[in-house]
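Just so it is clear, none of the values below were taken in a lab; they were calculated from the coordinates. For clarity, every value in this text was computed on a predicted model and none was experimentally measured. Glycine also receives a Cβ, built like all others from the backbone with ideal geometry; neighbour counts cover every protein chain displayed.
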Amino acid sequence: MYLQIRGVELYYEDTERGIPVLCIHGFPMDSSMWRNQRPLTSIARLITPDLRGQGRSVLAEGPYLMESLADDMADLITHLNLDRTVVMGLSLGGYVALAMYVRHPERFHGLILSNTRAEVDTPEAREGRLRLAMRVHREGTQVALNYLDELFSPATHADHPELVDDLKSRVAQAHPDGLAWMQLGMAQRQDASRILPAIHVPTLVLCGEDDVITPPEKMRAMADRIPGAQFAVIPRAGHLSPLENPDDFNREVLTFLQQLPKK
Ligand code: MLT
């Protein structure tokens, strides 16, 4: 389905029944990365948008600042007549979720941060993003493909190489400028670590045991700064734990959703 949100046509899917969970995808992905979370629909209403310029959403002028993406998400849930939802974000989706918490804390019923971080980039990482954005803009999405191998755990490479191939073929079809604008937006993101102690909704922090981008010890330290947050490591998973090990990921999320106070 498409909705006009803040002047941009955004694509989203909505399973319509259950506890609303807004699922915000990572980079350079789209909402299809949540396809293994269907079993959660036993109790959850999954709302899975493609962020602006990604997947089936329309390309808009960037850079895509996290604050702007957060406002898109808040408007989306308003359009769906929801006061509050659980917000679940993976990596980039986690940056957006934290920006959304800063700007719209009253819209949260709960928070699930998966394979993400609150800090800004190091100067080197920021430089790398600017270089990648320029190359993707000039040469196309092919230049982003090599980066994808390190998103997956050794177990996924060995047992499910089709997941790696599938992501590569999806990214090859993505809009290069959408990816470039997103890199530029992530490079400019604000430090969200100062708000971690001020998060006052039930929070679950999940990390893949083989995640080399947001490793478990860093994610545990992040969880420790959020009052009452639960933390779990997903085995046999790298940076894309919901896709790589959906059984364990979904079990953690289901348990968390079942414990949420009723609205
Ligand atoms: C992601 O998976 O969304 C990316 O690793 C985010 C990033 O590039 O920082």
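The charge dipole of the chain, taken about the Cα centre with unit charges on the Cβ atoms of Lys, Arg (+1) and Asp, Glu (-1), comes to about 620 debye, rounded to the nearest 20.
Remark: the Cα gyration tensor places the stretch 124-243 in the oblate category, a/c being 1.5 or greater and a/b not exceeding b/c. The modelled label-to-label distance for the pair residue 82/residue 9, using points 7 Å beyond Cα in the direction of Cβ, is 2.4 nm.
For the stretch 46-157, the equivalent ellipsoid built from the Cα gyration tensor has semi-axes of 27, 17, 15 Å, listed from largest to smallest.
When only the Cβ of Lys, Arg, Asp and Glu is charged (+1, +1, -1, -1), the dipole of the stretch 147-263 relative to its Cα centre reaches about 780 debye. Given their separation in residues at 0.36 nm each and the Cα-Cα distance between them, residue 103 and residue 218 gain 38.9 nm when the chain is fully extended.
Classify the stretch 187-233 as rounded, prolate or oblate, taking a ≥ b ≥ c as the square roots of the eigenvalues of its Cα gyration tensor: rounded when a/c is under 1.5, otherwise prolate if a/b is larger than b/c and oblate if not. Oblate, since a/c reaches 1.5 and b/c is not below a/b. With both residues required to sit in the chain, DSSP beta bridges show an antiparallel share near 25%. Each of 114, 199, 66 was placed along the dipole of the chain (beta-carbon charges, centred on the mean Cα), and the one lying farthest toward the positive end is 199. Distance between the 7 Å Cα→Cβ label points at residue 32 and residue 262: 4.0 nm. Think of it as helices only: each DSSP H run of n ≥ 4 in the chain is worth -39500 (n - 2.57), and spread over all residues that comes to -11500 deg cm²/dmol at 222 nm. Relative to one another, the C-alpha centroids of the stretch 112-189 and the stretch 1-75 are positioned 18 Å apart.
Spin-label pair residue 188-residue 59: with each label point 7 Å from Cα along the Cα-Cβ axis, the two points sit 1.9 nm from one another.
Count the net charge of all other residues whose Cβ sits under 10 Å from the Cβ of residue 51, scoring Lys and Arg as +1 and Asp and Glu as -1.
Details: positive: 52; negative: 30, 50, 72.
Once positives and negatives cancel, what remains is -2.
About its Cα centre, the stretch 1-137 has a charge dipole of approximately 300 debye under the convention of +1 per Lys or Arg Cβ and -1 per Asp or Glu Cβ, with nothing else charged. When peptides 234-244, 212-222 are ranked by their average number of other Cβ atoms within 10 Å per residue, the highest-first order is 234-244, 212-222.
Classification of the chain by its C-alpha gyration tensor yields a rounded form. The axis ratio a/c (a ≥ b ≥ c) stays under 1.5.
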